[in-house]
1. I'd like the full set of residues that are aliphatic (A, V, I, L, M) and either away from the ligand (no atom under 13 Å from the Cβ) or in a helix (DSSP H, G or I) (or both), limited to the stretch 130-144.
2. Within the stretch 170-191, which residues are outside any helix (DSSP H, G or I) and surrounded by fewer than 21 Cβ atoms within 10 Å (Cβ to Cβ)?
3. Might you check whether a residue that is within 14 Å of the ligand (Cβ to nearest atom) and outside any loop (DSSP other than H, G, I, E, B) occurs anywhere in the stretch 117-129?
4. What number goes with the only condition from (1) crowded, with 18+ Cβ neighbours inside 10 Å; (2) more than 19 Å from Gly39 (Cβ to Cβ); (3) modelled with pLDDT of 95 or more that Arg125 does not pass?
5. Looking only at the stretch 145-180, which residues are free of Cβ contacts under 8 Å to residues at least 12 places away in the same chain and within 12 Å of the ligand (Cβ to nearest atom)?
6. Which one of these does Glu194 not meet: (1) surrounded by 13 or more Cβ atoms within 10 Å (Cβ to Cβ); (2) more than 18 Å from Ser42 (Cβ to Cβ); (3) in contact with a Leu (Cβ under 9 Å, 6 or more places away or on another chain)?
7. Can you say whether Ala152 is touching an Asp or Glu at 6+ places or on another chain (Cβ under 9 Å), farther than 22 Å from Gly229 by Cα and at pLDDT below 95, as far as the supplied structure shows?
8. Can you confirm whether Leu216 is surrounded by 15 or more Cβ atoms within 10 Å (Cβ to Cβ), away from the ligand (no atom under 15 Å from the Cβ) and either part of a helix (DSSP H, G or I) or modelled with pLDDT of 95 or more (or both)?
Amino acid sequence: MGYHTSTSSAPLSEHALREEFVRIGQLMHSRNYVTATDGNISARLGKDRYLVTPSGQSKGFMRPEEMVVIDGEARPLSGDWELRPSSEILLHLEAYRRRPDIGAVVHAHPPTAIALSIAGVSLARCQLPEVLVTLGLIATTDYATPADPEGAVVIRDLIRCHDALILRRHGSVTVGATPWEAYLRLEKVENAAEIAFKLLLLGREEPLSRAALAKLLDKREKMGLMKPGERAAIEQTCGCDDTP
Ligand SMILES: [Zn+2]
């Protein structure tokens, strides 16, 4: 399996992935998607080999050599034994098991998305055309204790049909072919949350017309992003399945 940047078809080497983790960690930290030692990034290196960020470190100040290589049971294969893999890595490994098509997972703590999940405001909304095309509906998982094996359980079913999930009261999980793609999906998630929050403050929501939604879903299908059964689920959520 190859690992590609969003702008190049060349596979990323392990060396390049380590550099990419540093760059993405800096972006996550500077954009307030993670604070203190929160968050983690991983990438599939090959069969039963994954590169992951170290636990207990600020993601804004990592060095390439600090990343850890683990197997599918989260056992370190190489790297400094002091720099254990992230405690939330079980959640990443579950995503790889359920999604053979993905090459990377990003977990973060975007504040607006978390606040809305605590307030019970769903991000599975039908407001933003680009979000519907690129991510479909952003689902929210049940609550699980952070850094506990429960985290893998609550994403198990949803991650099969979604590239972006909100972990209730905790954070986000976004997946992609590359770490960069997974990171960009995180940006979309928090942006969608900020807009949803502003709409709540304004007290008004303008739904997309049925015709507009159909065009967007056609586009998602053409791009090969539509998951099995997803079109009907979106139409139902957006209230477009009952009128001609
Ligand atoms: Zn977390």
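1. Initial filter on the stretch 130-144 (aliphatic (A, V, I, L, M)): 131-133, 135, 137-139, 144.
Of everything in the stretch 130-144, those that are aliphatic (A, V, I, L, M) and either away from the ligand (no atom under 13 Å from the Cβ) or in a helix (DSSP H, G or I) (or both) turn out to be Val131, Leu132, Val133, Leu135, Leu137, Ile138, Ala139.
2. Narrowing the stretch 170-191 to residues outside any helix (DSSP H, G or I): 170-178.
Matches in the stretch 170-191: Ala177 only.
3. Of all residues in the stretch 117-129, those within 14 Å of the ligand (Cβ to nearest atom) come to 117.
From what is left, the residues that are outside any loop (DSSP other than H, G, I, E, B) are 117.
Scanning the stretch 117-129, I find at least one residue that is within 14 Å of the ligand (Cβ to nearest atom) and outside any loop (DSSP other than H, G, I, E, B), so the answer is yes.
4. Going through (1) crowded, with 18+ Cβ neighbours inside 10 Å; (2) more than 19 Å from Gly39 (Cβ to Cβ); (3) modelled with pLDDT of 95 or more one by one, Arg125 breaks only (3).
5. Once the filter is applied, which keeps residues that are free of Cβ contacts under 8 Å to residues at least 12 places away in the same chain and within 12 Å of the ligand (Cβ to nearest atom), the stretch 145-180 yields Thr145, Asp148.
6. (3)
7. Working: touching an Asp or Glu at 6+ places or on another chain (Cβ under 9 Å): yes; farther than 22 Å from Gly229 by Cα: yes; at pLDDT below 95: yes.
So Ala152 passes the test.
8. Numbers: surrounded by 15 or more Cβ atoms within 10 Å (Cβ to Cβ): yes; away from the ligand (no atom under 15 Å from the Cβ): yes; either part of a helix (DSSP H, G or I) or modelled with pLDDT of 95 or more (or both): yes.
Here the answer is yes, as Leu216 does meet what is asked.
The values are calculated or read from the model by the stated rules, or taken from the named source; none is laboratory data. Since the structure is predicted, the reported quantities are computational estimates derived from the model, not experimental observations. Cβ atoms come from the backbone with ideal geometry, glycine included; neighbour counts cover every protein chain shown.
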